[in-house]
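Have a look at the structure below, then the notes.
The values are calculated or read from the model by the stated rules, or taken from the named source; none is laboratory data. For clarity, every value in this text was computed on a predicted model and none was experimentally measured. Methodologically, a virtual Cβ is constructed for each residue, glycine included, from the backbone with ideal geometry; neighbour enumeration extends over all protein chains shown. Heavy atoms of the whole protein, side chains included, go into the accessibility calculation; ligands, DNA and RNA do not. Shrake-Rupley method; radii C 1.70, N 1.55, O 1.52, S 1.80 Å.
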Amino acid sequence: MKKILFYLTLVFLLSSCTFSPPVTLTVSPYSDTPWEEVSGKEMWYKVKWFDGDRVETVYMDLGVWSIEVKADRDSLLVFAFYPLGDMEPLGGFWEPGDNNKVWLSPEDGYFADMLIRAAETYPSPVSNISIKRLKERIPDPCAINRVSFLSSLLEGNIDNKEIELYKKYRVPLDGVPKGKWVSLYSHSQSIYVSDVFDPGTVSLFPGVYHYINFDRDLMLTVTLDENGKYYTRVSSPPLW
């Protein structure tokens, strides 16, 4: 287990005159990524978070796995860790009353990323979201139509409007070199392309996904939009 080597203190100003006792949060990924497990090498991360008022960004060096955040603002906090700076994010949330450990997961990654991007321009509606209530309605944030959700959020209709959901699309693997392609995250299954059987397909929600064939030293990028249009590209993997 990697040690917590990075400590960061955030001081949040409340808009009201009542302050809650400060809470120190430990924010970290739920586990090593499959890429780290297979390669035996640790990754560095870009970290972005929304503190209820503004968005901040820091970079964590290799071997730095967690941040500690001292929060005393009564609003939603949103965190996103981006492996190697621009890979699909891990995401997590904290609301007043939660415990002090925030585990980041790939299932929450794109939704957290969307909220952070929105908060850069519209911090107020994002700070008032209840993730607990949202997940009671939609347990899997991967399925939420992020474009539709953001539109409803900015219009103030989240509680009064049905949340639109994505569906999974099958992406053909024709033309992908044979071998095992390891997904960046375990929630998206690795791909096995055989020279005997048909390549098959991979079933995904809209987003961008990365896989590495470590035997061939190649990376597969799958880009899938909300209408089911897809693009696959094979390239050299990033260095780390």
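With the other protein chains left in place, how much accessible area per residue, in square angstrom, belongs to the range 87-240 at a 1.4 angstrom probe?
Values: 8120 Å² over 154 residues.
So the range 87-240 comes to 53 Å² accessible per residue, rounded to a whole number.
Starting at the first residue of the range 163-168, write each ³J(HN,Hα) from the Karplus equation 6.51 cos²θ - 1.76 cosθ + 1.60 with θ = phi - 60°, in whole Hz, x for Gly and Pro.
7, 6, 10, 6, 10, 7
Loop only per DSSP, at most 16 neighbouring Cβ atoms within 10 Å: give me the chymotrypsin sites (Phe, Trp or Tyr not before Pro) in the range 34-68, ordered by residue number.
Numbers: sites: 35, 44, 45, 49, 50, 59, 65; in loops: 44, 65.
Passing both the DSSP loop test and the Cβ count: 44.
Which longest run of the chain has no exposed loop site in it, a site being trypsin sites (Lys or Arg not before Pro) in a DSSP loop with at most 11 other beta carbons within 10 Å, and the site itself not part of the run?
55-166
In terms of the Cα gyration tensor, with a ≥ b ≥ c the square roots of its eigenvalues, is the range 55-142 rounded because a/c is under 1.5, prolate because a/b exceeds b/c, or oblate? Could the numbers behind the result be given before it?
Numbers: a/c = 1.44, a/b = 1.31, b/c = 1.09.
Cα axes put the range 55-142 in the rounded bin.
Which entries in the list 48/101; 132/167; 101/135; 135/180; 132/161; 161/229 go over 25 Å, if you measure between the two C-alpha atoms of each? Kindly include the intermediate steps, with their values, before the conclusion.
Details: 48/101 17 Å; 132/167 22 Å; 101/135 18 Å; 135/180 34 Å; 132/161 17 Å; 161/229 27 Å.
Listed pairs above 25 Å: 135/180; 161/229.
Between residue 197 and residue 235, what's the calculated FRET efficiency when r is the beta-carbon distance and R0 is 22 Å? Round to 0.05. Walk me through the intermediate numbers first.
Details: r = 25 Å, r/R0 = 1.13.
FRET efficiency, residue 197 to residue 235: 0.30.
In whole percent, and with a 1.4 Å probe on the protein chains, what portion of the accessible area of the range 55-180 is carbon and sulfur? Could you put the intermediate results ahead of the total?
On the way: 2700 of 5880 Å².
Solvent-exposed carbon and sulfur of the range 55-180 make up 46 percent of the total.
At R0 = 25 Å, how high is the FRET efficiency between residue 58 and residue 30 if r is their beta carbon distance? Nearest 0.05 is fine.
Plugging the Cβ-Cβ distance into 1/(1 + (r/R0)^6) gives 0.80.
Can you list the HN-Hα couplings for the range 40-49, worked out from phi with the Karplus curve (6.51, -1.76, 1.60; θ = phi - 60°), rounded to whole Hz and with x for Gly and Pro?
Coupling constants for the range 40-49: x, 10, 7, 9, 9, 10, 8, 10, 10, 8 Hz.
Hey, what angle do you get for helix 109-119 against the long axis of the chain, alpha-carbon based, 0 to 90 degrees rounded to 10?
For 109-119 against the chain, the angle is about 40 degrees.
Rounded, prolate or oblate: which fits the chain, taking a ≥ b ≥ c as square roots of the Cα gyration tensor eigenvalues, rounded meaning a/c under 1.5, else prolate when a/b beats b/c?
Working: a/c = 2.65, a/b = 1.46, b/c = 1.81.
Note, shape of the chain comes out oblate.
Return one number: the angle in degrees, 0 to 90 and rounded to the nearest 10, between the long axis of the Cα atoms of helix 146-155 and the longest principal axis of the Cα atoms of the chain.
For helix 146-155, the angle is close to 20 degrees.
Scan around residue 145 for amide H atoms under 5 Å from its own, H built in the peptide plane at 1.01 Å from N, and keep only partners 5 or more places away or cross-chain.
164, 165, 166
Starting from the Cα of residue 187, step 7 Å along the direction of its Cβ; do the same at residue 140; then give the gap between the two resulting points in nm.
Taking the two extended label points, one gets 1.0 nm.
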